[in-house]
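Everything on this sheet refers to the single structure shown next.
Only the coordinates and a few stated rules stand behind these numbers; no lab work does. Computed from a predicted structure; not experimentally measured. Here the Cβ positions follow ideal geometry from the backbone for every residue, glycine too, while neighbour counts run over all protein chains shown.
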Amino acid sequence: MLRRVFFVLIILILGAGFYFFYPREKSMIEKTKTKLVTTPEELKKKSEKSQETEIPEREISIITVYDNYQVSSQLKTGWGFSCLIKTENQSLLFDTGADSDILLSNMEKLGVNPKEIDFVFISHLHQDHIGGLPGILRLKPELKVYQPDSFSKLTEIVDGIYTTGPLGNEIREQSLIIKSEKGLIIVTGCAHSGIVNIIKKTKEMFPEEKIYLVIGGFHLFEASDSQVKNIIREFKELGVQKVAPCHCSGDKTRLLFEEEYQENFINNGVGKIINI
């Protein structure tokens with residue numbers, strides 16, 4: 001009799017334990033599934049969102065090594081433009097000015113080793129932007145050179161550095177776009193397709209990004225005061241934060257931009273180093 005009662009009690013205890021434990025265990029499993037299971041569609045959305053918002057965290061240096069405007073009296077000037085762009089992973093030369101001797105002399109005084117350049121980016125095929133190329137290639141014959149017909153559209157050349165692809169009708173010219181923590185940096189050679197058009201095109205390509213800096217030749221040396229003021233107004237409307245006009249921008253243009261942008265105007269010329 002006692003054995004039967006004991007046996008019944010054991011069954012009741014086990015049954016109650018199973019009854020109370022099982023729903024909790026099942027609930028925990030379901031919660032775990034909810035946390036871990038991600039559909040292919042969700043993964044795709046997460047990946048796309050990451051690509052849209054991811055901005056390289058790095059310091060960027062832009063060194064003007066050739067220009068007709070002068071910042072350092074130790075360096076030579078010449079009609080044309082070239083700047084060295086350095087990130088933690090890449091060193092690229094944007095255009096090469098008009099003369100190899102001037103370019104290489106300025107590089108040496110600035111402590112720039114041409115053999116450490118990873119590639120050359122040519123904005124357009126005018127002498128004042130390609131004249132220094134033979135001197136660079138003599139020192140590093142295997143160096144990659146990207147000219148406008150190397151691309152047909154927006155292309156990421158290396159991580160976070162893009163070409164707009166050739167723009168304009170008569171003179172085909174490409175500009176460089178660099179992603180930074182502070183926003184996009186646009187580097188132009190002569191802006192033959194129109195400096196405002198280049199900025200608008202960049203905004204179309206990267207609608208979620210702000211424009212931090214526009215640097216290079218704006219091709220406004222023959223523009224009237226009213227034309228330049230209209231362009232400055234459009235710069236402001238497009239949200240351009242800083243400007244560094246040089247080369248073919250013109251003295252008057254530089255003065256008007258400086259008056260409007262004040263501390264956000266960068267006096268650019270050969271020897272100028274901009275760290276971002």
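Laid out as a table, the results:
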{"read-out": "Euclidean distance of C-alpha centroids, the stretch 111-156 and the stretch 194-272, integer Å", "value": "24 Å"}
{"read-out": "Charge dipole magnitude, Cβ of K and R +1, D and E -1 - the stretch 78-212, Cα centre, debye nearest 20", "value": "160 debye"}
{"read-out": "In the stretch 101-193, the trypsin sites (Lys or Arg not before Pro) that fall in loop regions by DSSP, at most 10 other Cβ within 10 Å", "value": "K153"}
